[in-house]
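The values are calculated or read from the model by the stated rules, or taken from the named source; none is laboratory data. Everything quoted here is computed from the prediction, not taken from an experiment. Here the Cβ is made from the backbone with ideal geometry for all residues, glycine too, and neighbour counts use every protein chain on show. SASA here: full protein model, heavy atoms, side chains in, ligands and nucleic acids out. Shrake-Rupley method; radii C 1.70, N 1.55, O 1.52, S 1.80 Å.
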Amino acid sequence: MSTFNFPRFCQALKCQFMTSYKDWLVVFGIYIIVVTFMNILFVRMADFEGMTYSAAVAKYGEEYMQMNYPYLIKANAVFDIIFLSFAMLFCSSFFLSHLKKTSWRSAYFMWPVSNLEKFIISLLLYVVLSGVITVICLMIADALRVLMDVFTGRVVVWAIPIMFDPKTFNLGDGPHILLSLTEMLLIQSVYILGGALFQRQKFILTSFFVIAIGYPLIKGNHYFYTAEGAQSPGMWICIVLYLISALTAYWEAYKRFCRMQVINNKWLNV
């Protein structure tokens, strides 16, 4: 069997999606409900110098809200970004959840598809598709929140443009943005590796590893390059090391996936 055959890959991708699309619809609905509820809760429970929205408008006028309401929506955008990050990491750690049971693994390993194709399909569904679904849910939730603001006579401010604005988190210039992106890629790749390594409690065990080891290393690298000044050679060294480490984690996850058996260890996929 060839390592990669595009028509076979597309057919297998379609097959795996069709067997799990109902689960994705459930996730889609839950995401919309949760994010919409939280976004509306933030803007409805907020006070303006100890006053409600209507009381603040009556006292200060519409111009006051035109200036201050965007700050409230920025908090919504920050929540949306955090929700997207957690959703991506959670799905990354469960990208092999369809192999949880022995019977599922037995049937899956019988597929006339190469390991590389199976691995890429899992990444596409649990990383790319989950990311697209989450972003769509955030857009729908933001639209529902704006619709309620329109019906109740509030200022209309969209959170999605703020969410994708680099200034929201003060990421800085191009090199700093690239550094942040490589950091996020590294963390996401570790969750992929954790999903391939652990049999149970994938997200919790991987999160413990990231917090206990990965976070101090990244913070240490921050001190390493900031001591030399912005856009220093140390920053570019960190970017290269993060990329190499992320690619290594993906490769190790693939090798671990290739070594999986129908009967595995209780806690590890070995």
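Can you tell me how much longer the chain between Leu178 and Glu252 gets when fully stretched, taken as 0.36 nm per residue apart minus their C-alpha distance, in nm with one decimal?
Result for the pair: 24.3 nm of gain on full extension.
In whole percent, how big is the carbon plus sulfur part of the accessible area of the chain, probe 1.4 Å, protein atoms only?
Carbon and sulfur together cover 72 percent of it.
With a/c under 1.5 counting as rounded, go ahead and sort the stretch 31-75 into rounded, prolate or oblate using the C-alpha gyration tensor (a ≥ b ≥ c being the square roots of the eigenvalues; past the cut-off, prolate if a/b is larger than b/c, else oblate). Don't skip to the end; give the middle numbers.
Values: a/c = 3.06, a/b = 2.13, b/c = 1.44.
It comes out prolate by the Cα gyration axes.
Please compute the per residue accessible area over the stretch 1-152 with all protein chains in place, 1.4 Å probe, rounded to a whole number of Å².
54
Taking the 0 to 90 degree range and rounding to the nearest ten, how far is the long axis of helix 233-258 tilted relative to the main principal axis of the chain, both from C-alpha atoms?
50
If I stretch the segment between Leu147 and Ala75 completely, what's the gain in nm (0.36 nm per residue apart, minus their alpha carbon distance), one decimal?
Fully extending the segment from Leu147 to Ala75 adds 24.1 nm.
Please state the relative contact order of the chain as a whole percent: Cα pairs under 8 Å, 6+ residues apart?
Relative contact order comes out at 24 percent.
Label 7 Å along Cα→Cβ of Cys15; the stretch 88-120 residues with amide nitrogen under 15 Å?
So the set is 104-120.
To two decimal places, what compactness ratio does the stretch 3-86 give when its Cα radius of gyration is scaled by 2.2 N^0.38 Å?
On the way: Rg = 21.6 Å, N = 84, 2.2 N^0.38 = 11.8 Å.
Rounded to two decimals, the normalised Rg is 1.82.
Put +1 on the Cβ of each Lys and Arg and -1 on the Cβ of each Asp and Glu in the chain; which of Thr134, Met235, Gly194 then has its Cα farthest toward the positive end of the dipole?
Gly194
Ranked from highest to lowest mean number of other Cβ atoms within 10 Å per residue, what is the order of the peptides 70-80, 236-246, 148-158?
Numbers: 70-80: 18.9, 236-246: 16.4, 148-158: 14.3.
Ranking the peptides 70-80, 236-246, 148-158 by packing returns 70-80, 236-246, 148-158.
Can you classify the chain as rounded, prolate or oblate using the Cα gyration tensor, where a ≥ b ≥ c are the square roots of its eigenvalues, rounded means a/c under 1.5, and otherwise it's prolate if a/b beats b/c and oblate if not?
oblate
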